[in-house]
Amino acid sequence: MKPTIAAFPATRLRRLRKSPAIRAMVSQNSLSPADFIWPVFVRDGEGVVEPIASMPGVNRLSVDKVVEAAREAHALGIPAICLFPYTDPALKTEDCAEAWNPENLSNRATRAIKDAVPDIAVMTDVALDPYNINGHDGFVENGEIVNDRTVEALVKQTLSQAAAGADIIGPSDMMDGRIGAMRAALEAEGHSNVLILSYAAKYASAFYGPFRDAVGASGALKGDKKTYQMDPANSDEALRLIERDLSEGADMVMVKPGMPYLDICRRAKDAFGAPTFAYQVSGEYAMIAGAGERGWVDGEKVMLESLMAFKRAGCDGVLTYFAPAASRLLNG
């Protein structure tokens, strides 16, 4: 039976908002640094901090600087850092072999972080776009992004990252069947404790533009990704994808982008109860950070409000470039 609410003035809902103390008592959701995964961009070199023009305040970092970032994250209480490589264009090929090179940027950064800050979790990205001369997440044959051959390559990339010490594998490719293949390979190779955080509902979104600048994929991309990333008009399909990935061995699932798809976050959490994350992607970040820089909004307040929206929608955590700034504020 639906509870009834007494009529005014017996019920004055403003009573529950009368003071900071009362508001804190009845607050349904809270934010802490433990809710964040911090995505960082790694590049070659030493001592490099290279600003990304389309992402104010975000930089490409050399491996030594990524280790410093991991130390900062750990000190702030951020539990995980996620690596995205800016690959030398000379290493981008049709066969994408750099993706599973034990000495590629991602693997070197993973080992360096785990050596320096063993208690922080390292998440890695599984997709071919940082290594593909065509800029796609999969192999391109006769203009088609092929599925099964790509999955075989993604398994090799997964095993390479697990061997380097990755704690969490993040498949962002959206190929069919890749979660089952990755989980089987991880088990067979003795990496049974490596988690898979699947980009289960990843949409073909225009919000990814600054990210593609950050990893150097914008100029390489030929065509679009609509044949493998989701149609923004669809929501039921997202639940089918999430259910499939969980059935194949994903430990956690992700919705990407974040704020434009909070309805999907809520439906996913309600339907499956699995650990559910969202990615507050580069375009979302750039809009908030850019408006804050110009004084059009209060950047800090809008940042925290946007992050709270994910918790309210049922997310257990969020990948966000705001992770260190938000954590500093939340830590006081």
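The values are calculated or read from the model by the stated rules, or taken from the named source; none is laboratory data. Just so it is clear, the structure is predicted and the values come from calculations on it, not from any experiment. Glycine gets a Cβ as well: all are built from the backbone with ideal geometry, and neighbour counts include every protein chain shown.
In this structure, does Ser32 turn out to be in contact with a Leu (Cβ under 8 Å, 6 or more places away or on another chain), in contact (Cβ under 8 Å) with a residue 60 or more places away in the chain and of a type outside the set (Asp, Glu)?
Values: in contact with a Leu (Cβ under 8 Å, 6 or more places away or on another chain): yes; in contact (Cβ under 8 Å) with a residue 60 or more places away in the chain: yes; of a type outside the set (Asp, Glu): yes.
Against the criterion (in contact with a Leu (Cβ under 8 Å, 6 or more places away or on another chain), in contact (Cβ under 8 Å) with a residue 60 or more places away in the chain and of a type outside the set (Asp, Glu)), Ser32 qualifies.
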Next on the checklist: The conditions are (1) farther than 21 Å from Asp263 by Cα; (2) free of Cβ contacts under 8 Å to residues at least 60 places away in the same chain; (3) out of contact with any Asp or Glu (no Cβ under 7 Å at 6 or more places or on another chain); (4) of a type outside the set (Phe, Trp, Tyr), and Leu195 fails exactly one of them. Which is it?
Outcome noted: (3)
Checklist outcome for this item: Scanning the stretch 275-309 residue by residue, those farther than 17 Å from Pro257 by Cβ, touching a residue at least 24 places away in the same chain (Cβ under 8 Å) and in contact with an Asp or Glu (Cβ under 8 Å, 6 or more places away or on another chain) turn out to be Pro275
Checklist outcome for this item: Of the residues in the stretch 233-259, those that are more than 30 Å from Pro51 (Cβ to Cβ) and either of a type in the set (Asp, Glu) or outside any helix (DSSP H, G or I) (or both) number 13
Checklist entry - Of all the residues that make up the stretch 2-29, how many are without any contact (Cβ under 8 Å) to a residue 12 or more places away in the chain and within 23 Å of Met308 (Cα to Cα)? => result 15
Next on the checklist: Criterion first (under 19 Å from Ala73 (Cβ atoms) and at pLDDT 95 or above) does Leu239 satisfy it?
Outcome noted: no
Checklist entry - Between residues in the stretch 252-270 that are among the small types (Gly, Ala, Ser) and residues that are in a helix (DSSP H, G or I), which pairs lie under 8 Å by C-beta distance while being six or more apart or on different chains? => result Gly258/Cys265; Gly258/Glu284; Gly258/Phe310; Ala268/Ala238; Ala268/Leu239; Ala268/Ile242
Next on the checklist: So, in the stretch 85-135, how many residues would count as being in contact with a helix residue (DSSP H, G or I) (Cβ under 7 Å, 6 or more places away or on another chain), assigned to a helix (DSSP H, G or I) and farther than 20 Å from Asn59 by Cα?
Outcome noted: 6
Next on the checklist: Condition first: surrounded by 15 or more Cβ atoms within 10 Å (Cβ to Cβ) and over 21 Å from Ile37 (Cα atoms). Now tell me which residues in the stretch 250-270 satisfy that.
Outcome noted: Arg267
Checklist entry - Considering Ala73, Ala21, Ala80, which residue is modelled with pLDDT of 95 or more and either in contact with a Phe, Trp or Tyr (Cβ under 6 Å, 6 or more places away or on another chain) or basic (Lys, Arg) (or both)? => result Ala73
Checklist entry - Out of all the residues in the stretch 38-57, which are touching a Ser or Thr at 6+ places or on another chain (Cβ under 8 Å) and part of a loop (DSSP other than H, G, I, E, B)? => result Asp44, Gly45, Glu46, Gly47, Val48, Ser54, Met55
Item to check | Qualifying residues in the stretch 109-166 (those that are touching a Phe, Trp or Tyr at 6+ places or on another chain (Cβ under 7 Å), β-branched (Val, Ile, Thr) and crowded, with 19+ Cβ neighbours inside 10 Å) - the one farthest from Leu186 (Cα to Cα) | outcome: Ile145
Item to check | Pick from the stretch 136-178, criterion acidic (Asp, Glu) and touching a residue at least 60 places away in the same chain (Cβ under 8 Å), ranking: nearest to Glu98 (Cα to Cα) | outcome: Asp137
Checklist entry - Could you give every pair whose Cβ atoms fall below 6 Å, whose first residue belongs to the stretch 82-101 and is hydroxyl-bearing (Ser, Thr, Tyr), and whose second residue is part of a helix (DSSP H, G or I), counting only separations of at least 6 or pairs across chains? => result Tyr86/Val215
Checklist outcome for this item: How many residues of the stretch 102-135 are over 21 Å from Ala181 (Cβ atoms) and either touching an Asp or Glu at 6+ places or on another chain (Cβ under 7 Å) or free of Cβ contacts under 8 Å to residues at least 24 places away in the same chain (or both)? The answer is 8
